[in-house]
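Bear in mind that the values in this text are calculations on the coordinates, not laboratory data. All figures in this text were calculated on a predicted structure; none of them were measured in a lab. Heads up, the Cβs are rebuilt from the backbone with ideal geometry, glycines too, and the neighbour counts pull from every protein chain shown.
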There are 2 protein chains.
Amino acid sequence: MGLFTKDIKTLDDLFVHTLQDIYYAEHQITKALPDMIAKATDPGLKQAFQNHLGETQQQIKLLEQVFRQHGHEPKEVTCPAINGIIDEAQEVSGEVADKEVLDAALIAAAQAVEHYEITRYGTLVAWAKQLGRPDCASILQQILDQEKSTDEKLNVIAESKVNSRAA
Amino acid sequence: MGLFTKDIKTLDDLFVHTLQDIYYAEHQITKALPDMIAKATDPGLKQAFQNHLGETQQQIKLLEQVFRQHGHEPKEVTCPAINGIIDEAQEVSGEVADKEVLDAALIAAAQAVEHYEITRYGTLVAWAKQLGRPDCASILQQILDQEKSTDEKLNVIAESKVNSRAA
């Protein structure tokens, strides 16, 4: 899609544009996670990030399946939102001196990423259903459930140990 | 906080930094909402954005109360995440030709903003409790509940009429 060229004429165009946006976002997340894995101190947190990296790579394949089922080649479109969220994560984590406080900051950053994904997949599921594509909706729902579960796991790690150690 | 100067040494520093981040974000949201109100076609959506503008202005006052209760003057720190989310909202809405598709795009954009706020306030509530500040946690929880309720209202507007009209 070009910038301000009014290329989005239908809900279908908007659906495909948003797929391209989240497809770009998932790729950026796979690039950002190795640094977060390296920076995390708590072994459980390190492992959770590692697992999420594998899951994100799988989600990229699932998105490619949605593109093809919907008659489009997978394509990325730059997503300023995820770029801003990742920039902020890197900026804040670069400012933290203490390892245990850094773990708390990394969890907060990862949860901001998860919530971005949760909102986009929630929207995509609703639009896929509206467009009469329950097949696409079902794959997107599967990814949405994984993102919600990752967010919940990060909550548990934060509240069970990381926050109290950081305080 | 300076960039990469390792100014965040404690969870308390991280809490204050994140308060400054969301304080900046809320100000940016009050600047972005009038344009979204102007662009929305559905009267219920226009009204929901209008109500949220009033609520956001109130939330800024509540955040100032949290800053002061915690012994700090209210201060903004640039938040690349909200800037990216708002840039993307403006970019996508500038590309949509059809008014009813635009309403669907505006709701998706507003929900991305809400989810950013939900994750940040969720984190701030947890940290405030950990830091022994139930008074701050209680105000932040009040804002968090409002953000969740706004997100839910937008869901209802999308699913009850906007998405089907856009399709």
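Give me the angle, in degrees from 0 to 90, between the Cα long axis of helix A:99-130 and the longest principal axis of the Cα atoms of chain A, rounded to the nearest 10. That helix lies at roughly 20 degrees to the long axis. Between the range B:91-167 and the range A:1-79, the C-alpha centres lie 21 angstrom from each other. Per-residue 3J(HN,Hα) values for the range B:10-25, derived from phi via the Karplus relation 6.51 cos²θ - 1.76 cosθ + 1.60 with θ = phi - 60°, read 10, 4, 5, 4, 5, 4, 5, 4, 6, 4, 5, 5, 6, 5, 4, 4 Hz in sequence order (x marks Gly and Pro).
The tail of the calculated P(r) for the protein assembly as shown beyond 34 Å holds 21 percent of all Cα-Cα pairs. Across the range A:52-66, rounded Karplus estimates of 3J(HN,Hα) from the backbone phi angles (6.51 cos²θ - 1.76 cosθ + 1.60, θ = phi - 60°) give 5, 4, x, 5, 5, 4, 5, 5, 4, 5, 5, 5, 4, 5, 4 Hz, Gly and Pro being marked x. For the peptide A:90-99, the mean number of other protein chain Cβ atoms found within 10 angstrom of a residue's Cβ is 6.
The charge dipole of the protein assembly as shown, taken about the Cα centre with unit charges on the Cβ atoms of Lys, Arg (+1) and Asp, Glu (-1), comes to about 320 debye, rounded to the nearest 20. Classify the range B:11-166 from the C-alpha gyration tensor, please: rounded if a/c falls under 1.5, else prolate or oblate depending on whether a/b exceeds b/c. Cα axes put the range B:11-166 in the prolate bin. Over 21 Å apart at the Cα level, from the set A:K99/B:K6; B:K39/B:K61; A:K61/B:K148; A:K31/A:K61; A:K99/B:K9, are B:K39/B:K61; A:K61/B:K148.
For A:K75, what is the net charge nearby, where nearby means another residue's Cβ is under 11 Å from its Cβ and Lys, Arg count +1, Asp, Glu -1? Neighbourhood net charge equals -4. Computed from Cα positions, the angle between helix B:80-95 and the longest principal axis of chain B comes to roughly 10 degrees.
Relative to the longest principal axis of the Cα atoms of chain B, the long axis of helix B:134-157 makes an angle of roughly 10 degrees. Karplus-derived 3J(HN,Hα) values for the range B:27-38, using 6.51 cos²θ - 1.76 cosθ + 1.60 with θ = phi - 60°, are 5, 5, 5, 5, 7, 7, 4, x, 5, 5, 4, 5 Hz; glycine and proline are entered as x. Ranking B:L102, B:H17, B:V156 by how far each Cα lies toward the positive end of the dipole of the range B:11-166 (charges on Cβ) leaves B:V156 at the top.
Largest GNM mean-square fluctuation across A:L106, A:L11, A:L45, computed for chain A with C-alpha springs under 10 Å, falls on A:L11.
Across the range B:1-89, the mean sequence separation of Cα contacts (distance under 8 Å, 6 or more residues apart), normalised by length, yields a relative contact order of 39 percent. Taken residue by residue and averaged, Cβ atoms of other chains lying within 10 Å of the Cβ of A:72-80 number 2.
For chain B, the dipole from Cβ point charges (+1 on Lys and Arg, -1 on Asp and Glu) about the Cα centre works out to 340 debye, to the nearest 20. Each other copy holds its own label point for B:R68; taking that point as 7 Å from Cα along Cα to Cβ, the gaps run 6.1 nm, nearest first.
Residue by residue along A:102-111, Cβ atoms of other protein chains within 10 Å of the local Cβ number 4 on average.
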